[in-house]
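Undergrad: There's a structure below that I have some questions on.
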Amino acid sequence: MNAVAASTDTATLTRAEFPILNQEIGGKPLVYLDSAATGQKPSSVIEAIDRFYREDNAPIHRSAYDLAARSTEAFEGARGRIAAYMGATDETTIFTRNATEAINLVAQVWGRENLGPGDVVLSTLMEHHSNIVPWQIVCQQTGAKIDYVEVTEDGLLDQADLDAKLAAGNVKLLTVAHISNVLGTINDPAELSRKAHAAGAKILIDGSQAVPQLAVDFAATGADFYAWTGHKAYGPTGIGVLHGRREILEAMGPWLGGGDMIKVVSFESSTWNDLPWKFEAGTSAVAEAVGLGAAIDFIERIGIENITAHERALTAYALPKISALDGITVVGPPADKRGGVISFTLDGMHPHDIGELLGREGVCVRTGHHCAQPLMRKLGVPATARASFACFNTTEEVDALIAALVKAKEVFGI
Ligand SMILES: Cc1ncc(COP(=O)(O)O)c(C=O)c1O
């Protein structure tokens with residue numbers, strides 16, 4: 001089967017499961033090409049959340065009655081399925097609000113406990129702000145410094161620069177996106193972990209764009225921390241995940257204090273709960289966790305390898321067509337080194353105008369700096385337009401994007 005045929009099959013199989021797609025915008029079919037910003041939700045996820053509130057909702061972990069046991073089972077059951085899918089254990093799968101909160105947790109607990117003057121946190125120029133700003137904050141708090149690995153002209157992580165910066169011997173933590181949300185570049189967590197560990201550094205991988213697109217096995221990455229976010233992975237908003245190596249999580253103190261994260265509380269002091277609850281203070285996002293469990297069930301049912309192949313095929317189909325348009329510059333690596341993300345600029349038209357004109361044709365793309373201002377500066381552009389794919393997108397939708405771009409160029413006379 002060739003890749004485009006595989007792609008068509010996956011879209012045919014999944015499209016009807018996304019009720020939101022069944023609508024028109026201004027008389028045109030909705031073409032949703034913004035899954036890198038937030039994913040659409042299949043019916044099974046929407047129904048799991050609805051069913052939880054209709055049938056199982058009660059406080060978790062605390063009460064002795066049947067309904068509470070069911071609610072706890074729904075929450076912890078979701079954690080168990082997510083952990084198994086991600087090659088992690090229940091104890092090393094911590095629910096957070098999103099990837100941003102997961103990274104802040106590591107920065108504020110591990111970072112404050114382990115960083116000091118003379119230490120370096122090594123991020124990269126292709127990171128989302130959520131993998132930069134938490135490190136800037138903890139560096140200000142601890143006296144450590146933040147530095148960034150360069151990106152090559154073709155949008156790859158500059159391995160020579162990485163090696164040189166690690167060789168300096170002062171890097172305490174390397175923190176890198178598994179897939180860049182702007183360039184689409186796919187980094188290799190196992191290779192990065194090997195390099196970080198050889199240099200005596202810990203490593204955090206930001207898997208926000210990777211979990212919806214690629215098979216990820218936390219144990220196989222060799223990483224110390226792996227953060228991701230539910231709403232990009234067919235799940236609801238308000239839920240994210242931090243995986244961490246057990247011995248590191250056990251050595252870390254808590255972050256937020258309050259209910260659920262303690263064992264014993266006296267007037268003077270408290271003791272901490274076991275993993276993963278030590279890091280889950282307060283009432284958890286229970287329905288959201290249940291929804292994320294259903295999202296992982298959905299990905300497993302479709303097959304992550306089918307989703308990967310489908311998005312690869314769509315990207316390979318779209319890249320030459322978009323690049324061939326007069327005045328368009330695509331940023332990032334060739335199709336075989338990128339996920340389902342295509343960012344581009346168009347001479348003579350600001351990305352916001354592209355976004356608005358495409359929107360009138362029902363085509364939803366993201367425009368702006370994509371929360372990656374340092375990368376925009378490196379690319380020498382204020383913003384880009386970005387099309388991104390999910391399992392339900394079709395080659396016809398790529399054609400609709402191209403047609404809308406041609407029309408937008410005509411409106412601007414370019
Ligand atoms: C690579 C990357 N990291 C982190 C995030 C932050 O995700 P969230 O806002 O859900 O925490 C995003 C969201 O765009 C992202 O693309």
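The numbers here are math on the coordinates, done by the rules we state, and not lab data. Small disclaimer: the values here were computed from a predicted structure and weren't measured. Neighbour counts are summed over all protein chains in view; Cβ atoms, including those assigned to glycine, are modelled from backbone coordinates with ideal geometry.
Undergrad: Remind me, relative contact order of the chain in percent, using alpha carbon pairs under 8 angstrom and six or more residues apart? Please list the in-between numbers first.
TA: Numbers: 832 pairs, mean separation 97.4, N = 414.
Computed value for the chain: 24 percent relative contact order.
Undergrad: For the range 1-133, just say rounded, prolate or oblate: build the C-alpha gyration tensor, square-root its eigenvalues into a ≥ b ≥ c, call rounded for a/c under 1.5, and beyond that prolate if a/b exceeds b/c, oblate if not.
TA: Cα axes put the range 1-133 in the oblate bin.
Undergrad: Name the most mobile residue of 234, 85, 226, meaning the one with the largest mean-square fluctuation, in a Gaussian network model of the chain with Cα contacts below 10 Å.
TA: Largest GNM mean-square fluctuation: 85.
Undergrad: Out of 306, 57, 98, any idea which swings most in a Gaussian network model of the chain, alpha carbons joined below 10 Å?
TA: Looking only at 306, 57, 98, the biggest GNM fluctuation is shown by 57.
Undergrad: Once fully extended, how much extra length lies between residue 274 and residue 412, figured as 0.36 nm per residue of separation less the alpha-carbon to alpha-carbon distance? List each step's numbers first, then the result.
TA: Working: separation 138, 0.36 × 138 = 49.68 nm, distance 6.03 nm.
My answer for the length gained is 43.6 nm.
Undergrad: Further question on the same structure: Can you tell me how the range 333-402 classifies by the Cα gyration tensor, rounded, prolate or oblate, using a/c under 1.5 as the rounded cut?
TA: Since a/c reaches 1.5 but b/c is at least a/b, the shape of the range 333-402 is classed as oblate.
Undergrad: Listed highest first by mean packing, meaning other Cβ atoms within 10 Å per residue, what order do 121-127, 342-348 come in? Could you put the intermediate results ahead of the total?
TA: Values: 121-127: 25.3, 342-348: 21.1.
Going from most to least packed, we get 121-127, 342-348.
Undergrad: With both bridge residues required to lie in the chain, what share of the DSSP beta bridges run antiparallel, to the nearest 5%?
TA: Bridges in the chain are about 60 percent antiparallel.
Undergrad: Per 0.36 nm of contour for each residue apart, how much would the distance between residue 30 and residue 129 grow if the chain were fully extended, relative to their Cα-Cα spacing?
TA: 32.7 nm
Undergrad: A follow-up question, please. With the crude spin-label approximation of a point 7 Å out along Cα→Cβ, what separation in nm comes out for residue 256 versus residue 360?
TA: Reported label-point gap for residue 256 and residue 360 is 4.4 nm.
Undergrad: Over what distance in Å are the Cα centres of the range 318-334 and the range 289-308 separated?
TA: What the calculation gives is 31 Å, centre to centre.
Undergrad: Using alpha carbon centroids, what distance separates the range 367-414 and the range 5-84, in Å?
TA: The two parts, judged by their Cα centres, are 28 Å apart.
Undergrad: With a/c under 1.5 counting as rounded, go ahead and sort the chain into rounded, prolate or oblate using the C-alpha gyration tensor (a ≥ b ≥ c being the square roots of the eigenvalues; past the cut-off, prolate if a/b is larger than b/c, else oblate).
TA: Values: a/c = 2.07, a/b = 1.26, b/c = 1.64.
Since a/c reaches 1.5 but b/c is at least a/b, the shape of the chain is classed as oblate.
Undergrad: Top mean-square fluctuation among 112, 301, 15, Gaussian network model of the chain, C-alpha springs under 10 Å?
TA: Fluctuation is largest for 301.
Undergrad: Apply the membrane-span-like helix rule to the chain: whole DSSP H runs, Cα extent along the own long axis of at least 15 Å, mean Kyte-Doolittle hydropathy at least -1.0. List the helices found.
TA: Working: long enough: 3-14 (17 Å, 0.67); 66-85 (28 Å, -0.29); 286-302 (24 Å, 1.17); 304-323 (28 Å, 0.05); 395-411 (24 Å, 0.55).
Passing helices, by number: 3-14, 66-85, 286-302, 304-323, 395-411.
Undergrad: Over what distance in Å are the Cα centres of the range 216-234 and the range 168-188 separated?
TA: Their Cα centres are 13 Å away from one another.
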